[in-house]
Amino acid sequence: VEAARDLGLSYLTLYSFSTENWRRPATEIRDLMGLLRQFIGDELPTLKKEGVKITIIGDKKNLDAEIKLLVARAESETAK
């Protein structure tokens, strides 16, 4: 994200979790979701301060309730 800003990019799309990833062992999925949880917790204040808008464009239906709330919060808090 920082490099995109430094390069003057206005938009950056990140592909981070495909539908095939749901076939991984449950422990791997848990760990990947933990990384997302940690990222939002650690980086959201900085992203907001830097004017980054987060939009999740994938299918969120298989995410657990806590992750759904976290991504909704990230989207809401960075909407403007």
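The values are calculated or read from the model by the stated rules, or taken from the named source; none is laboratory data. Note that the structure is predicted; figures quoted are calculated from it, not measured. Every residue, glycine among them, receives a Cβ derived from its backbone with ideal geometry; neighbour counts consider all protein chains shown. Accessible surface areas use protein heavy atoms only, side chains included; no ligands, DNA or RNA. Shrake-Rupley method; radii C 1.70, N 1.55, O 1.52, S 1.80 Å.
Among the residues that make up segment 21-39, is at least one of them of a type in the set (Ser, Thr, Tyr) and either in contact with a Phe, Trp or Tyr (Cβ under 9 Å, 6 or more places away or on another chain) or over 16 Å from Thr78 (Cα atoms) (or both)? Yes, that holds for at least one residue. Could you tell me how many of the residues in segment 50-68 are open to solvent by 80 Å² or more (accessible area, probe 1.4 Å) and either of a type in the set (Phe, Trp, Tyr) or not in a loop (DSSP other than H, G, I, E, B) (or both)? Counting residues in segment 50-68 that are open to solvent by 80 Å² or more (accessible area, probe 1.4 Å) and either of a type in the set (Phe, Trp, Tyr) or not in a loop (DSSP other than H, G, I, E, B) (or both) gives 2. Filtering segment 1-49 to residues that are in contact (Cβ under 8 Å) with a residue 40 or more places away in the chain, assigned to a helix (DSSP H, G or I) and either open to solvent by less than 80 Å² (accessible area, probe 1.4 Å) or of a type in the set (A, V, I, L, M) (or both) leaves only Leu47.
Table: residues versus (1) at pLDDT below 95; (2) more than 30 Å from Asp6 (Cβ to Cβ); (3) among the acidic types (Asp, Glu).
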| position | (1), (2), (3) |
| --- | --- |
| Thr27 | no, yes, no |
| Leu36 | yes, no, no |
| Val52 | yes, no, no |
| Lys61 | yes, yes, no |
| Ser76 | no, no, no |
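Has segment 69-76 got at least one residue that is in a loop (DSSP other than H, G, I, E, B) and out of contact with any Cys (no Cβ under 6 Å at 6 or more places or on another chain)? Scanning segment 69-76 turns up no residue that is in a loop (DSSP other than H, G, I, E, B) and out of contact with any Cys (no Cβ under 6 Å at 6 or more places or on another chain).
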